[in-house]
Amino acid sequence: MADLPAVAERFLRYVRIDTQSDRDSDTTPSTAKQKDLGRLLVEELRELGIGDAAIDEHGYVYANLAPSEQAEGTPAIALVAHVDTSPDEPGGPVEPVVHRDYDGSVITLPGDPSVTLDPERSPELRDHVGHDLITSDGTTLLGSDDKAGVAVIMQVAEDLLSDPSHPRPPVRICFTVDEEIGRGVDKLDLKRLAADVAYTLDGTTVGNIDSATFNAAEARIKVEGVNVHPGTAKDVMANAVTILAEILTALPAGEAPETTEGGEGYFCPYQMAGNISGAEARILLRDFTAEGLARRKRLVEQLVEAAATKHPRATVSVSIEDNYKNMRDYIEESDPRAISFAFAAGREMGIELTEQTIRGGTDGSRLSELGLPTPNIFTGGHDYHSRFEWNTVQNLETSLAYVKQLIRYWAEHGRD
Ligand SMILES: [Zn+2]
């Protein structure tokens, strides 16, 4: 479609390439076809004039844009997206469909009448009346997660290279593999990336930035009981199974993964084993604030102490280990501008960013923990990992404009 903006044309081209990852594979990338897109991206980056664009044996693509003259000495900013799509729905071949000038009604997708885009189920659709929606034909996912990120980054590269007057710091482009199966940064070469700050372009709603995750710890409760024949157990036996169960059921029921959402933390017992003479359980503790996590640790310790007092014949103990901190804390430690500049760039173009809390680990949280602050930025896509996944031409353009603004902001303020 010749009258679509370049970023949308790119997006439609990239989604047609099947790059579905596979959990059951041990290779990297988990599916060789992910390299099909990787190789195409390298070719296109070279055609744009980025001579060092290359794909490594694992399928990761790296490319460098030199800084503009006025921005030499500013931090190097990496833009990261993943080429793979989710293995949870049919992945390809994807036949994208553009629905011009969306009127807010229910859309039935042409390839499968049972697949509809319904504002009742996806209320965000109501914010996109007048947009040009992009979906699959209903037989596959769309793959906006994360071809939208790939298309936006590629278009940023083209636009920056064709406009030398647009100030830019050193920009590192990186496309990763196997994000959807939790291995997105396993083989990422941080030395080669050589970035000071990174942004993953893998978010959803326009204006959203993901930069906060849980603080995480794990408690391990051990009960040593006293086992004698049940027939002569009175005043002798200490049953580790029932004592452990007592402790676990005393955890607040309203603070479990199945009863919480948004910014609420939880306790999640996820493993228990044992018999009368000994039993053990493991509990995940999650909280967005450090104080909240400390309170959860204290509560577990208090429950264990209470059980120990109540059952003097048993030995009850707990050990608690920290797993990881809120990604925001890691970012604050290495370079808080990763977030503050993102907000400032949004304000400059009239977008008020909203910080989202993520109830799980992400590539960005792992990179942030490794010392590379990496918030996640919106691409405008919705209903990921489903056959009614969608994005819009206008959202892709907004994401593109925002990333260019962010790049400019770093060039103009990165030395401050
Ligand atoms: Zn993704």
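Taking region 165-174 only, how many residues are within 16 Å of the ligand (Cβ to nearest atom) and among the charged types (D, E, K, R)?
0
Quick check: anything in region 401-411 part of a loop (DSSP other than H, G, I, E, B) and out of contact with any His (no Cβ under 6 Å at 6 or more places or on another chain)?
Taking every residue of region 401-411 in turn, none turns out to be part of a loop (DSSP other than H, G, I, E, B) and out of contact with any His (no Cβ under 6 Å at 6 or more places or on another chain).
I'd like to check something: does region 223-239 contain any residue that is more than 16 Å from the ligand (Cβ to nearest atom), over 27 Å from L406 (Cα atoms) and in contact with a Pro (Cβ under 9 Å, 6 or more places away or on another chain)?
yes
Which of (1) over 19 Å from the mean Cα position of the chain (by Cα); (2) farther than 23 Å from I407 by Cβ; (3) small (G, A, S) does A194 not meet, given it meets every other one?
Every listed condition holds for A194 apart from (2).
If a residue must be without any contact (Cβ under 8 Å) to a residue 24 or more places away in the chain and assigned to a helix (DSSP H, G or I), how many such residues does region 26-39 contain?
So the answer is 2.
Applying the selection to region 150-160, what residues are touching a Phe, Trp or Tyr at 6+ places or on another chain (Cβ under 9 Å) and either within 12 Å of the ligand (Cβ to nearest atom) or over 19 Å from G380 (Cα atoms) (or both)?
V150
Could you list all residues from region 237-253 that are within 16 Å of N275 (Cα to Cα), among the hydrophobic types (A, V, I, L, M, F, W, C) and part of a loop (DSSP other than H, G, I, E, B)?
Across region 237-253, the qualifying residue is only M237.
Go through region 175-219 and give me each residue that's outside any loop (DSSP other than H, G, I, E, B), within 16 Å of the ligand (Cβ to nearest atom) and of a type in the set (D, E).
Matches in region 175-219: E179, E180, D210.
Could you please find all residues in region 117-148 being away from the ligand (no atom under 16 Å from the Cβ), within 25 Å of L41 (Cα to Cα) and of a type in the set (A, V, I, L, M)?
L133, I134
Is there a residue being under 20 Å from V129 (Cα atoms), within 16 Å of the ligand (Cβ to nearest atom) and buried (at least 24 other Cβ atoms within 10 Å of the Cβ) anywhere in region 370-377?
Scanning region 370-377, I find no residue that is under 20 Å from V129 (Cα atoms), within 16 Å of the ligand (Cβ to nearest atom) and buried (at least 24 other Cβ atoms within 10 Å of the Cβ), so the answer is no.
So which residues in region 245-271 are loosely packed, with under 15 Cβ neighbours inside 10 Å and under 24 Å from the mean Cα position of the chain (by Cα), if there are any at all?
Correct list: A256, E258, T259, E261, G262, G263, Y270.
For region 299-336, enumerate the residues that are within 30 Å of K234 (Cα to Cα) and of a type in the set (S, T, Y).
Within region 299-336, T309, T315, S317 meet the criteria.
Go through region 368-393 and give me each residue that's out of contact with any Pro (no Cβ under 9 Å at 6 or more places or on another chain) and part of a helix (DSSP H, G or I).
E369
Being in contact with a helix residue (DSSP H, G or I) (Cβ under 7 Å, 6 or more places away or on another chain) and under 24 Å from T260 (Cα atoms) is the filter here; which residues of region 211-228 pass it?
S211, A212, T213, N215, A217, A219, I221, listed by residue number.
Could you run through region 79-101 and say how many residues are more than 16 Å from the ligand (Cβ to nearest atom) and buried (at least 19 other Cβ atoms within 10 Å of the Cβ)?
Total satisfying the criteria: 1.
Could you list all residues from region 322-338 that are buried (at least 21 other Cβ atoms within 10 Å of the Cβ) and touching a residue at least 60 places away in the same chain (Cβ under 8 Å)?
Of everything in region 322-338, those that are buried (at least 21 other Cβ atoms within 10 Å of the Cβ) and touching a residue at least 60 places away in the same chain (Cβ under 8 Å) turn out to be N326, M327, R328, I331, A338.
With the checklist (1) surrounded by fewer than 22 Cβ atoms within 10 Å (Cβ to Cβ); (2) at pLDDT 95 or above; (3) in the same structural domain as G73 (by TED's automatic domain parsing) in hand, flag the one item I181 doesn't pass.
The failed condition is (2).
Just the residues that are assigned to a helix (DSSP H, G or I) and without any contact (Cβ under 8 Å) to a residue 12 or more places away in the chain, please, taken from region 137-166.
S162
The values are calculated or read from the model by the stated rules, or taken from the named source; none is laboratory data. This is a predicted model, so every value here is computed, not measured. Glycine also receives a Cβ, built like all others from the backbone with ideal geometry; neighbour counts cover every protein chain displayed.
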